[in-house]
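Undergrad: Quick one: the structure is below, questions incoming.
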Amino acid sequence: ADEKRLRMKLLANVPLLSTLAKQELDQVANSMSTNSFQEGEPIVTEGETGTQFFILSKGKVRVTKKQEDGTEKELVVLREHSFFGER
């Protein structure tokens, strides 16, 4: 019950989902899972087919793009309640 309440609160703070009715948010919350990642651990890799949608509940995520010379360029840093991914 506490986990579901936290998920509903998180969803309510995501602007993209603000137009959803409570019943719809409830369905989304029921289908969510929690993942934890270590600092520096890749979450998604450029060029791979995306199958998940992520909502950042705490911490931050660096979004980078690999350059032609092999280095990575930081594009943006996402913070709490940011979202990313695709399907």
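Undergrad: Quick one: L6 ticks every box in (1) surrounded by 10 or more Cβ atoms within 10 Å (Cβ to Cβ); (2) modelled with pLDDT of 85 or more; (3) of a type outside the set (F, W, Y); (4) not in a helix (DSSP H, G or I) except a single one, so which number is it?
TA: Going through the list (1) surrounded by 10 or more Cβ atoms within 10 Å (Cβ to Cβ); (2) modelled with pLDDT of 85 or more; (3) of a type outside the set (F, W, Y); (4) not in a helix (DSSP H, G or I), L6 breaks only (4).
Undergrad: If you check every pair at least six apart or on different chains, which have Cβ atoms under 7 Å apart with a residue in region 16-36 that is more than 17 Å from F83 (Cβ to Cβ) and charged (D, E, K, R) first and a residue that is modelled with pLDDT under 90 and open to solvent by less than 90 Å² (accessible area, probe 1.4 Å) second?
TA: As it stands, the answer is none, since no pair meets every condition given.
Undergrad: Also, I was wondering about something else. Within region 71-85, track down each residue that is over 10 Å from the mean Cα position of the chain (by Cα) and assigned to a loop (DSSP other than H, G, I, E, B). Give the steps one after another, and end with the answer.
TA: To start, the set of residues in region 71-85 that are over 10 Å from the mean Cα position of the chain (by Cα) comprises 71-77.
Once the filter is applied, which keeps residues that are over 10 Å from the mean Cα position of the chain (by Cα) and assigned to a loop (DSSP other than H, G, I, E, B), region 71-85 yields only T71.
Undergrad: Which residues, counting only those in region 28-42, are farther than 21 Å from E74 by Cα, open to solvent by 80 Å² or more (accessible area, probe 1.4 Å) and either of a type in the set (D, E) or assigned to a loop (DSSP other than H, G, I, E, B) (or both)?
TA: Within region 28-42, the subset farther than 21 Å from E74 by Cα is 28-36.
Then keep just the ones that are open to solvent by 80 Å² or more (accessible area, probe 1.4 Å); that gives 30-31, 33-36.
Of everything in region 28-42, those that are farther than 21 Å from E74 by Cα, open to solvent by 80 Å² or more (accessible area, probe 1.4 Å) and either of a type in the set (D, E) or assigned to a loop (DSSP other than H, G, I, E, B) (or both) turn out to be S33, T34, N35, S36.
Undergrad: Across region 43-70, what is the total count of residues that are on the phi > 0 side of the Ramachandran plot, within 12 Å of the chain's Cα centre (by Cα) and exposed (fewer than 10 other Cβ atoms within 10 Å of the Cβ)?
TA: So in region 43-70, the residues on the phi > 0 side of the Ramachandran plot come out as 47, 59, 70.
Then drop every residue that is not within 12 Å of the chain's Cα centre (by Cα), which leaves 59.
Of the ones still in play, those that are also exposed (fewer than 10 other Cβ atoms within 10 Å of the Cβ) are none.
Residues in region 43-70 being on the phi > 0 side of the Ramachandran plot, within 12 Å of the chain's Cα centre (by Cα) and exposed (fewer than 10 other Cβ atoms within 10 Å of the Cβ): 0 in total.
Undergrad: In this structure, is S57 out of contact with any strand residue (DSSP E or B) (no Cβ under 9 Å at 6 or more places or on another chain), free of Cβ contacts under 8 Å to residues at least 12 places away in the same chain and small (G, A, S)?
TA: Details: out of contact with any strand residue (DSSP E or B) (no Cβ under 9 Å at 6 or more places or on another chain): yes; free of Cβ contacts under 8 Å to residues at least 12 places away in the same chain: no; small (G, A, S): yes.
The answer is no for S57.
The values are calculated or read from the model by the stated rules, or taken from the named source; none is laboratory data. Owing to the predicted nature of the structure, the values given are computational and were not obtained by experimental measurement. When we count neighbours, we look across all protein chains shown, and the Cβ atoms used for this are built from the backbone with ideal geometry, even at glycine. Calculation scope for accessible area: heavy atoms of the full protein, side chains included, ligands and nucleic acids excluded. Shrake-Rupley method; radii C 1.70, N 1.55, O 1.52, S 1.80 Å.
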